[in-house]
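Visitor: The structure follows.
The values are calculated or read from the model by the stated rules, or taken from the named source; none is laboratory data. The model shown is predicted, which means the values in this text are computed figures rather than measured ones. Here the Cβ positions follow ideal geometry from the backbone for every residue, glycine too, while neighbour counts run over all protein chains shown. These accessible areas exclude ligands, DNA and RNA; they are computed on the full protein's heavy atoms, side chains included. Shrake-Rupley method; radii C 1.70, N 1.55, O 1.52, S 1.80 Å.
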Amino acid sequence: MAHELASKYDPKEVEDRLYRKWEENGYFKAGEDEGKPNYCIVIPPPNVTGQLHMGHALDETLQDILIRQKRMQGYNVLWQPGTDHASIATEMKLVQQLAEDGLTKGEIGRGEFLKRAWAWKEKYENRIISQLKKLGASCDWSKTRFTMDEGLSNAVEEVFIYLYNKGLIYKSAKIINWCPECKTSLSDAEVEYEDQPGFFWHIRYPYKDGSGYVEIATTRPETLLGDTAVAVNPEDERYKDCVGKMLILPLVGREIPVIEDEYVDKEFGTGAVKITPAHDPNDFEVGLRHNLEQICILNDDGTISDNGGKYAGMDRYEARKAIVEDLKEQGFLVSVEPHEHNVGTHDRCHTTVEPMIKPQWFVKMDELAKPAIEAVKSGELRFYPERYAKIYLNWMENIRDWCISRQLWWGHRIPAYYCDECGEIVVGHNAPERCPKCGCTHFHQDEDVLDTWFSSALWPFSTLGWPEETELYKRYYPTNALVTGYDIIFFWVARMVFSGLEYTGKLPFKDVLMHGIVRDSQGRKMSKSLGNGIDPLEVIDKYGADALRFTLVTGNAPGNDMRYYDEKVEASRNFANKLWNASRFVLMNLKEELPETMDAADLTAADRWILSKFNTLAKEATEALDKYELGITADAVESFIWEEFCDWYIEMVKTRLYAEPCKDRTAAMWTLVTVLSGALKLLHPFMPFITEELYSYLRPQEETIMYAKWPVYQEAWNFPHETEEVDAMKEAIRGIRDVRTQMQVSPKQKTTVIFVSDDAHTQDIFREGASFLAPLAFAEEVRVQADMTGVEATAVSIPLHKMTAFIPLEQLIDLDKERARLGKEKERLEGEIGRLEKKLSNPGFTGKAPQAVVDGERAKQTRYKEQLHQVEEQLARLS
RNA sequence: GGAGAUAUAGCUCAGUUGGUCAGAGCGCUGCGUUCACAUCGCAGAGGUCGUUGGUUCGAGCCCAACUAUCUCUACCA
């Protein structure tokens, strides 16, 4: 059973090979075992033409951890993969590509454009999927879906028709956000507001009767072209007499009224507001209340329309300049002041959005939002961390109707048909035979497509086969957890919740695990424009997928942003290497068949100690994972492996391993293999590759670690006494090393170490541990005894619990220094004892604190007193 | 305008039901290359847990106020 493993772990040699093995053996396939509980996560579908970035890496790692653990716990598991068509993002890329060829969308036409889009999709969908595989993602790839594949498109139409028939989808000419660059409407969620420096132009609007002016202020003077009123607050004394009078709109000459409306804030600006119903959401509302004309002054590309008179055809910003110039020249401009204001921009292209009135399709939200709000308030839907529930609720409770139509080509075309004769709208999967209104047989389909998020909202059930009652759907819906970034709570999470509730009657998932953003080392968001993005694939290539995964889950709290550093990945890589070498050590020494189980009576205190520690770890790791505390779990497993297992247990058993085969050696080997393979299992969800590789050597009879039984706490491995005793020995060793370092004793200098204790049981434990106490404490001889026989007065003493360790260092010792050291120790112990004395004499503490806490403090005090006594005795001997 | 988050060792961050919780990694100091590992080992220095009050026998941990930074959200022309 000799194993020849390299002294360094090489992820490249392992990862692709193991991933292939997993795939070929069908380990990722969704379980269908009737007797088992089910567990399902749907992947947040990456953009089909996108590339893997750190956000994906984090998101996918978290999901894979949950999925792999559940699989080991014996669930039927489905991690449902797929990709999103990302309507606007993909279309932008295509348009850009066309532009490089000197073409435009319009020139090639819808048919040709879609042909290219599908070709593009075919070309790139594999790229993102193979990148996810590089991370180790254990999705059931055989079930990969795409938001525009047949089934999902059908689900989209189904929902659209359903909502339309229910009156929850309607078409209306309302004011919407328009992107002049992409030439499409946008939902409110797609508008990003940013503060931009601008100006406040004060302009005079003269009364028609020549009796003076009203002064208004605006940040967008070009919209003056569409003004149809000036509004003042009804309470405003200053303008009381003006209401109802007519004004002449400068440059345009149109007569517009002065109206009064509550919306106007008396305190802001001049207290008089120009009203442009066609280009401002507020003005739109005011316009409706006062029956004002809506004059659209912009074309779809952001140039001034024919309604703009001499400015027609100019770009909106050129027009702004020209209008300001003209106002100035004609004496209407009163003043200009710098003014910071909030500008809405398109989140994709960052072009300033223009409010416009356009006929668009909307989802009526108030009714849909109610159950989605209730689900969170009742606790049925839970956010981890909880604070995100507040953010969700705040948005849901103030939600407005969702504009779902887009003037794009790549996406789900709206299933609405218009009668060529009378314009009647018929919504359905196909055009009707004849118009229900006029009987005409000619129809044309709505040109627009749906917001990408309309289909994403159905993802948790459309991917499982809905609206068909498939086996998959029945088994795995509702899903268990959703894992995603807080940046898409509104876009996606909220919409899936109300969609699931409305169409399936169930919440699409119970738990929502939110994570933050991976930032660069300076805390900046990674972005293309800054060029500060880190490519996860390069990181994997350099350090391995396990190292990247481990880095992304450790050292940051759920829901918080994190910074990426190479140094962090190096640390994870080093951990993988440490584990590799520890395993190599175990395998090197594995020369025999080991028994399945071991009688506790055959184990030493050290063996029982590590089993106990592992037992506790298994319990804590499972509990932490159940609470989505993945980082804490990873930390606990790492420190167990590195500190307890490598630094202590392996060192403790070495002498036993180097002995000839015997029962004691077997016990050590059994414990090593048992604990290590258990630790590998706990680590597997986090570091799937290296754990599988090592497990295959340690447990060659098992096919894979992926379906190895997840460790659970077992009472048979609970050894509280040994845990305490071995921890005491660790303390003794540390104390001895510390003293030797302080005394600057060379590691080459071996000594005798004498443990003195009048407790027979403690003596036994230390005698048993002598085989490792000696090498770890640099001793050539270890003596355990009840009295001071043979201990010179000048020996260095280390006070321990129920025991003192002595090291006779002979002439190496400077007695004055040793006295000083012990004096300091005495001072420290006296301080601790005094502190505890005060605490324990406080009746408030002893009376109100739990008994266990009080007892703990008492025991601590007793212990310090013992140690103090030992120090004092030694000081007496030295003088 | 509203809401939320963060403020803990030189740096980046953990610390989840208030009682060994003052921690980790990196960095730093000293020592170390006997057969798992220098992608390592051993020992160590370093913080009155943003400020001020409060609740409590006891508070990084709960409450209030304040300061600083960040984020989300909102129609103030």
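Visitor: When the residues of segment A:736-776 are filtered to those that are part of a loop (DSSP other than H, G, I, E, B) and within 13 Å of A:Ala805 (Cα to Cα), which remaining residue is nearest to RNA strand B (Cβ to nearest atom)?
Guide: Applying the first criterion (part of a loop (DSSP other than H, G, I, E, B)) to segment A:736-776 yields A:743-750, A:757-759, A:769.
Then keep just the ones that are within 13 Å of A:Ala805 (Cα to Cα); that gives A:757-758.
Numbers: A:Ser757: 19, A:Asp758: 22 Å.
Applying the filter and picking the extreme gives A:Ser757.
Visitor: For A:Ala793, state whether it is surrounded by fewer than 17 Cβ atoms within 10 Å (Cβ to Cβ), aliphatic (A, V, I, L, M) and closer than 24 Å to A:Gly823 by Cβ. Let's see the steps before the verdict.
Guide: Details: surrounded by fewer than 17 Cβ atoms within 10 Å (Cβ to Cβ): yes; aliphatic (A, V, I, L, M): yes; closer than 24 Å to A:Gly823 by Cβ: yes.
Considered against the rule, which asks whether it is surrounded by fewer than 17 Cβ atoms within 10 Å (Cβ to Cβ), aliphatic (A, V, I, L, M) and closer than 24 Å to A:Gly823 by Cβ, A:Ala793 comes out as yes.
Visitor: I would also like to ask the following. So which of A:Thr597, A:Thr622, A:Thr554, A:Thr616 ends up being among the hydroxyl-bearing types (Ser, Thr, Tyr), over 30 Å from A:Trp670 (Cβ atoms) and either in contact with a Phe, Trp or Tyr (Cβ under 8 Å, 6 or more places away or on another chain) or modelled with pLDDT under 95 (or both)?
Guide: A:Thr554
Visitor: Determine which single condition A:Glu702 fails, assuming it passes every other condition in (1) part of a loop (DSSP other than H, G, I, E, B); (2) within 16 Å of RNA strand B (Cβ to nearest atom).
Guide: Failed condition: (2).
Visitor: When residues of segment A:372-423 are filtered for being open to solvent by 80 Å² or more (accessible area, probe 1.4 Å), touching a residue at least 60 places away in the same chain (Cβ under 8 Å) and away from RNA strand B (no atom under 16 Å from the Cβ), how many remain?
Guide: 1
Visitor: Out of A:Ile798, A:Ile733, report the one residue that is open to solvent by less than 40 Å² (accessible area, probe 1.4 Å) and either within 30 Å of A:Leu66 (Cβ to Cβ) or in a helix (DSSP H, G or I) (or both).
Guide: Values: A:Ile798 fails: either within 30 Å of A:Leu66 (Cβ to Cβ) or in a helix (DSSP H, G or I) (or both).
Testing whether each residue is open to solvent by less than 40 Å² (accessible area, probe 1.4 Å) and either within 30 Å of A:Leu66 (Cβ to Cβ) or in a helix (DSSP H, G or I) (or both) leaves just A:Ile733.
Visitor: Here are some conditions: (1) closer than 18 Å to A:Ile67 by Cα; (2) open to solvent by 30 Å² or more (accessible area, probe 1.4 Å); (3) among the hydroxyl-bearing types (Ser, Thr, Tyr). A:Tyr164 meets all but one. Which one does it not meet?
Guide: (1)
Visitor: Turning to a different aspect of this structure: Within segment A:283-302, restricting attention to residues that are away from RNA strand B (no atom under 16 Å from the Cβ) and under 42 Å from the mean Cα position of the chain (by Cα), which residue is least open to solvent (accessible area, probe 1.4 Å)?
Guide: A:Gly302
Visitor: Looking at segment A:96-113, which of its residues are more than 22 Å from A:Arg413 (Cα to Cα) and either charged (D, E, K, R) or surrounded by 11 or more Cβ atoms within 10 Å (Cβ to Cβ) (or both)?
Guide: A:Gln97, A:Ala99, A:Glu100, A:Asp101, A:Leu103
Visitor: Hey, another quick one. If you take the residues of segment A:7-46 that are within 21 Å of the chain's Cα centre (by Cα) and either at pLDDT below 95 or part of a loop (DSSP other than H, G, I, E, B) (or both), which of them is farthest from RNA strand B (Cβ to nearest atom)? Before you say what the answer is, go through the steps one by one.
Guide: So the first thing to find is which residues in segment A:7-46 are within 21 Å of the chain's Cα centre (by Cα), and the list is A:39-46.
Still in the list and also either at pLDDT below 95 or part of a loop (DSSP other than H, G, I, E, B) (or both): A:43-46.
Numbers: A:Ile43: 23, A:Pro44: 18, A:Pro45: 21, A:Pro46: 21 Å.
Only one residue tops the list, namely A:Ile43.
Visitor: So which pairs qualify, if the first residue must be in segment A:199-215 and more than 20 Å from A:Lys321 (Cα to Cα), the second must be in a loop (DSSP other than H, G, I, E, B), the Cβ gap must be under 7 Å, and the two must be at least 6 apart or on different chains?
Guide: Final answer for the pair search is A:Tyr207/A:Lys245; A:Val214/A:Cys242.
Visitor: Could I ask something else about it? Could you tell me which of the residues A:Glu837, A:Glu827, A:Glu818 is of a type in the set (Asp, Glu), surrounded by 15 or more Cβ atoms within 10 Å (Cβ to Cβ) and assigned to a helix (DSSP H, G or I)? First the steps, then the outcome.
Guide: Working: A:Glu837 fails: surrounded by 15 or more Cβ atoms within 10 Å (Cβ to Cβ); A:Glu827 fails: surrounded by 15 or more Cβ atoms within 10 Å (Cβ to Cβ).
Only one candidate qualifies: A:Glu818.
Visitor: Is one or more of the residues making up segment A:353-361 part of a loop (DSSP other than H, G, I, E, B) and among the aromatic types (Phe, Trp, Tyr)? Write out each step before concluding.
Guide: Filtering segment A:353-361 for residues part of a loop (DSSP other than H, G, I, E, B) gives A:353.
After this cut, where a residue has to be among the aromatic types (Phe, Trp, Tyr) as well, the list is none.
No, segment A:353-361 contains no residue that is part of a loop (DSSP other than H, G, I, E, B) and among the aromatic types (Phe, Trp, Tyr).
Visitor: Let me ask something else. For segment A:185-226, give me each residue that is in a strand (DSSP E or B) and within 31 Å of the chain's Cα centre (by Cα). I'd like the intermediate steps shown before the answer.
Guide: Initial filter on segment A:185-226 (in a strand (DSSP E or B)): A:185-186, A:191-207, A:213-218.
A:Ser185, A:Leu186, A:Val191, A:Glu192, A:Tyr193, A:Glu194, A:Asp195, A:Gln196 - these are the residues of segment A:185-226 that are in a strand (DSSP E or B) and within 31 Å of the chain's Cα centre (by Cα).
Visitor: Assuming A:Thr723 fulfils every condition listed in (1) away from RNA strand B (no atom under 14 Å from the Cβ); (2) assigned to a helix (DSSP H, G or I); (3) of a type in the set (S, T, N, Q) apart from one, which condition is it?
Guide: (1)
Visitor: Look through A:Asp366, A:Asp347 and report the one residue that is charged (D, E, K, R), in contact with a helix residue (DSSP H, G or I) (Cβ under 9 Å, 6 or more places away or on another chain) and open to solvent by 10 Å² or more (accessible area, probe 1.4 Å). Give the steps one after another, and end with the answer.
Guide: On the way: A:Asp366 fails: in contact with a helix residue (DSSP H, G or I) (Cβ under 9 Å, 6 or more places away or on another chain).
None of the other options fit; the residue is A:Asp347.
Visitor: Tell me, please, whether a residue that is within 16 Å of RNA strand B (Cβ to nearest atom), of a type in the set (S, T, N, Q), touching a residue at least 12 places away in the same chain (Cβ under 8 Å) and open to solvent by less than 70 Å² (accessible area, probe 1.4 Å) can be found in segment A:850-872. Full working, then the answer.
Guide: Just the residues of segment A:850-872 that are within 16 Å of RNA strand B (Cβ to nearest atom), to begin with: A:850-868.
Subsequent filtering for residues that are of a type in the set (S, T, N, Q) retains A:851, A:861-862, A:867.
Those left that are additionally touching a residue at least 12 places away in the same chain (Cβ under 8 Å): A:861, A:867.
Then keep just the ones that are open to solvent by less than 70 Å² (accessible area, probe 1.4 Å); that gives A:861, A:867.
Within segment A:850-872, one or more residues are within 16 Å of RNA strand B (Cβ to nearest atom), of a type in the set (S, T, N, Q), touching a residue at least 12 places away in the same chain (Cβ under 8 Å) and open to solvent by less than 70 Å² (accessible area, probe 1.4 Å).
Visitor: Within the group A:Lys143, A:Lys93, A:Lys123, A:Lys134, which residue is at pLDDT 95 or above and open to solvent by 60 Å² or more (accessible area, probe 1.4 Å)?
Guide: Details: A:Lys143 fails: open to solvent by 60 Å² or more (accessible area, probe 1.4 Å); A:Lys93 fails: at pLDDT 95 or above; A:Lys123 fails: at pLDDT 95 or above.
From the options A:Lys143, A:Lys93, A:Lys123, A:Lys134, the qualifying one is A:Lys134.
Visitor: A further question follows. Report, by residue number, each residue of segment A:601-647 that is more than 16 Å from RNA strand B (Cβ to nearest atom) and more than 23 Å from A:Ser771 (Cβ to Cβ).
Guide: Scanning segment A:601-647 gives A:Asn615, A:Ala618.
Visitor: Okay, moving on. Only residues in segment A:125-143 that are free of Cβ contacts under 8 Å to residues at least 60 places away in the same chain and over 13 Å from A:Leu62 (Cα atoms) count as the first member; pair them with residues that are of a type outside the set (A, V, I, L, M) and assigned to a helix (DSSP H, G or I), Cβ under 8 angstrom, at least 6 apart or cross-chain, and list the lot.
Guide: A:Ile129/A:Trp141
Visitor: Of everything in segment A:242-256, what is in a loop (DSSP other than H, G, I, E, B) and over 9 Å from A:Asp227 (Cβ atoms)? Give them in sequence order. I'd like the intermediate steps shown before the answer.
Guide: Of the residues in segment A:242-256, the ones in a loop (DSSP other than H, G, I, E, B) are A:242-245, A:249-254.
Selection gives A:Cys242, A:Val243, A:Gly244, A:Lys245, A:Pro250, A:Leu251, A:Gly253.
Visitor: Search segment A:472-487 for residues being assigned to a helix (DSSP H, G or I) and in contact (Cβ under 8 Å) with a residue 60 or more places away in the chain, and hand back the single one that is surrounded by the most Cβ atoms within 10 Å (Cβ to Cβ). Give the derivation first.
Guide: First pass over segment A:472-487, keeping only residues assigned to a helix (DSSP H, G or I): A:472-476, A:486-487.
Next cut, in contact (Cβ under 8 Å) with a residue 60 or more places away in the chain only: A:472, A:475-476, A:486.
Details: A:Leu472: 20, A:Arg475: 16, A:Tyr476: 26, A:Tyr486: 21.
Residue satisfying both the conditions and the ranking: A:Tyr476.
Visitor: May I pose another question? Taking A:Lys266 as meeting all but one of (1) in a loop (DSSP other than H, G, I, E, B); (2) free of Cβ contacts under 8 Å to residues at least 40 places away in the same chain; (3) within 27 Å of A:Lys310 (Cβ to Cβ), write down the number of the exception.
Guide: Exception for A:Lys266: condition (3).
Visitor: Across segment A:736-745, what is the number of residues that are charged (D, E, K, R) and open to solvent by 20 Å² or more (accessible area, probe 1.4 Å)? Give the derivation first.
Guide: Step one: list which residues in segment A:736-745 are charged (D, E, K, R), which gives A:737-738, A:740.
With the extra rule that they be open to solvent by 20 Å² or more (accessible area, probe 1.4 Å), the set shrinks to A:737-738.
Residues that pass the stated criteria total 2.
Visitor: In segment A:235-249, which residues are closer than 14 Å to A:Arg204 by Cβ and among the β-branched types (Val, Ile, Thr)?
Guide: Scanning segment A:235-249 gives a single hit, A:Ile248.
Visitor: I need every pair where a residue in segment A:659-679 that is modelled with pLDDT of 95 or more has its Cβ under 6 Å from the Cβ of a residue that is part of a helix (DSSP H, G or I) and open to solvent by 50 Å² or more (accessible area, probe 1.4 Å), sequence separation at least 6 or different chains.
Guide: From segment A:659-679, the pairs are A:Ala667/A:Asp602.
Visitor: Scan segment A:244-282 residue by residue and report those that are of a type in the set (A, V, I, L, M), within 10 Å of RNA strand B (Cβ to nearest atom) and open to solvent by less than 30 Å² (accessible area, probe 1.4 Å). Spell out how you get there, then give the answer.
Guide: We begin by selecting, within segment A:244-282, every residue of a type in the set (A, V, I, L, M); these are A:246-249, A:251-252, A:256, A:258-259, A:264, A:272-273, A:275, A:278.
Next, only the ones that are within 10 Å of RNA strand B (Cβ to nearest atom) stay: A:264, A:272-273, A:275.
Those that are of a type in the set (A, V, I, L, M), within 10 Å of RNA strand B (Cβ to nearest atom) and open to solvent by less than 30 Å² (accessible area, probe 1.4 Å): A:Val264, A:Ala272, A:Ile275.
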